[in-house]
Number of protein chains: 2
Amino acid sequence: MDEMQALDALGALSQETRLRIVRLLVTAGPAGMAAGAIGDAMGATSSRLSFHLTHLEAAGLVQSRREGRSIRYSAVYEALSGLIAFLMRDCCQGHPEVCTPALSACACPPVEPAE
Amino acid sequence: MDEMQALDALGALSQETRLRIVRLLVTAGPAGMAAGAIGDAMGATSSRLSFHLTHLEAAGLVQSRREGRSIRYSAVYEALSGLIAFLMRDCCQGHPEVCTPALSACACPPVEPAE
DNA sequence: CTTTTATCTCAACCTCTCTTGAGTTATTGA
DNA sequence: TCAATAACTCAAGAGAGGTTGAGATAAAAG
């Protein structure tokens, strides 16, 4: 991820509704959610929701696919991890005090290298 | 870091000049840089620079102290690591595909737990 | 083929953000 | 005290961003 992509992603995430949508979609997993279900969860009108989803998709943070009448949106994991990596890579050069506390924030089970 | 602080930090970083200032200050280390030196590096007028520095300070990403005629700005490491931790903690719940690639982005030497 | 459901598109409006330029405050040195 | 340096503050204007409501498009059901 380069600076321009990072700026797009940061801008997309710096809005309350959009940050919540992304968090919702990440926890929803790869299956994602239909636009209507996201709208219900957000309490947003269809046009407002569409505006934010389009914004997030343009920033590469979510992707969509039509499924019957619905359009399902799902998080793009690589974009999120890419943004975090950008912040760590370009921001903590030689300064472990930036990245070390962040490293322990991940609650996920570590991926075993080889079993 | 809660959602509101994260939104402030994301908004502050989603602007080209401000993102560059933060990166500059992180690499400058705890000593920071005088406003004038930052302005020279950014090619920004004093009022424009002051606007962005004030914005960054309000978001908690940088701090300032007067030193003679100059005002030195330095990065607030906890805020940066807090933001990264927020993105990992609240975004990758149970989805290691978000955080695992990010974990390897840190180029800093790992801090030894005990020696 | 018409209706219903799900979602998007567009224009209008308001607000917030960023930049500029002029003027102000704070600190130091002559 | 006066001038020079360093940085901030303020008002004005251009532009981007977010919300709303009306209307359009796409897919499925009757």
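Values quoted throughout were computed directly from the atomic coordinates according to the rules given, and no laboratory measurement underlies them. Note that the structure is predicted; figures quoted are calculated from it, not measured. For neighbour counting, all protein chains shown are included, and Cβ atoms are generated from backbone atoms with ideal geometry for every residue, glycine included.
Label points for B:G29 are taken 7 Å from Cα along Cα→Cβ. From this copy to the others they lie 4.9 nm apart, shortest first.
For A:Q5, the label point sits 7 Å beyond Cα toward Cβ; its separations from the matching points on the remaining copies run 2.9 nm, from shortest to longest. Is the shape of the range A:1-83 best called rounded, prolate or oblate, per the rule: a/c under 1.5 gives rounded, else a/b larger than b/c gives prolate, else oblate, with a ≥ b ≥ c the square roots of the Cα gyration tensor eigenvalues? Prolate, since a/c reaches 1.5 and a/b exceeds b/c.
Both radii were evaluated on the Cα set of the protein assembly as shown; the Rg over Rh quotient, with Rh as the Kirkwood radius, amounts to 1.01. Label points for B:G43 are taken 7 Å from Cα along Cα→Cβ. From this copy to the others they lie 4.6 nm apart, shortest first.
Net charge of the neighbourhood of A:G32, taken over other residues with C-beta under 10 Å away and scored Lys/Arg +1, Asp/Glu -1, is +1.
Efficiency by 1/(1 + (r/R0)^6): what FRET value for B:E78 and A:R69, r their Cβ-Cβ distance, R0 = 35 Å, to the nearest 0.05? Efficiency, rounded to the nearest 0.05: 0.15. Net charge in the neighbourhood of B:G11 (other residues with Cβ under 14 Å of its Cβ; Lys, Arg +1, Asp, Glu -1) is -4. Annotation: amide H of A:V62 within the under-5 Å range of A:E57, A:V76, sequence separation 5 or more or interchain, hydrogens built in the peptide plane.
Between B:E3 and B:F51, residue separation times 0.36 nm minus the direct Cα-Cα distance comes to 14.9 nm. So how tilted is helix B:16-28 from the main axis of chain B? Cα-based, degrees 0 to 90, rounded to 10. Between helix and principal axis, roughly 80 degrees.
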